[in-house]
1. Got at least one residue in the range 76-97 being in contact with a Ser or Thr (Cβ under 6 Å, 6 or more places away or on another chain) and at pLDDT below 85?
2. Of the conditions (1) touching a strand residue (DSSP E or B) at 6+ places or on another chain (Cβ under 9 Å); (2) modelled with pLDDT of 85 or more, E57 fails just one. Which one is it?
3. For the range 117-140, indicate whether the set of residues that are among the β-branched types (V, I, T), exposed (fewer than 12 other Cβ atoms within 10 Å of the Cβ), assigned to a helix (DSSP H, G or I) and modelled with pLDDT of 95 or more is non-empty.
4. If you check R33 against the conditions, is it among the basic types (K, R) and modelled with pLDDT under 75?
5. Go through (1) surrounded by 12 or more Cβ atoms within 10 Å (Cβ to Cβ); (2) in contact with a helix residue (DSSP H, G or I) (Cβ under 7 Å, 6 or more places away or on another chain) one by one and return the number of the condition V154 breaks.
6. Does at least one position in the range 45-53 carry a residue that is among the polar types (S, T, N, Q), under 21 Å from the mean Cα position of the chain (by Cα) and assigned to a strand (DSSP E or B)?
Amino acid sequence: MPIFPQPHPELNSYPHHLHYNGAYPCPICLWGRLSSLAMMDAFGCNLCRHIFTANLETQILMMADQERPLTWHWNGKKWQGGHRPDTQLGWGIWIAALALVLLPTTLIWLGGRIFPPLPGSALSWFPDFWAVSAFFGHLTIVIWLIVEYYQFPVLVFFRVWQRRLWWRW
């Protein structure tokens, strides 16, 4: 018998409608199962131990034990991210994200090329370092905004993976 829990083989046997009597896959850790908590109108995961509240009419699940609640919609087979349907990541936002990453980097790089440091000086490497730092800094901002939009719980994901590795040892 393996120490780490295996994914459940009955993936297609989940109830089609969200209700408190059913058991569902956990949208956070993807390995645990959500089941109703005793004497509460809430769900709990048996692996990552998060608590969820549900709106049964709209088939929406919300994570209750986090400051900014994440939401998912049950489609009868799996959870779908509940990001805001009124906002779309269209081509205009992608162009703005690309401009946020490339425009400052290009300006810093051009400044270092137009006004180069003295050859052989102690900080002659600094303009290139600054341009690369600006690129990765702005790219980090764009990635963070995308993660926030799609409500991907990064810290919870790493905690579950840490627990998985711990169980293997």
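1. Yes: the range 76-97 contains one or more residues that are in contact with a Ser or Thr (Cβ under 6 Å, 6 or more places away or on another chain) and at pLDDT below 85.
2. Checking E57 against (1) touching a strand residue (DSSP E or B) at 6+ places or on another chain (Cβ under 9 Å); (2) modelled with pLDDT of 85 or more, the one that fails is (1).
3. yes
4. It is false that R33 is among the basic types (K, R) and modelled with pLDDT under 75.
5. (1)
6. Taking the range 45-53 as the starting set, the residues that turn out to be among the polar types (S, T, N, Q) are 46, 53.
Add one more test, that the residue is under 21 Å from the mean Cα position of the chain (by Cα), and what stays is 46, 53.
From the residues that got through so far, the ones that are assigned to a strand (DSSP E or B) too are 53.
Scanning the range 45-53 turns up at least one residue that is among the polar types (S, T, N, Q), under 21 Å from the mean Cα position of the chain (by Cα) and assigned to a strand (DSSP E or B).
The values are calculated or read from the model by the stated rules, or taken from the named source; none is laboratory data. Owing to the predicted nature of the structure, the values given are computational and were not obtained by experimental measurement. We place every Cβ from the backbone using ideal geometry, glycine too, and count neighbours over all the protein chains shown.
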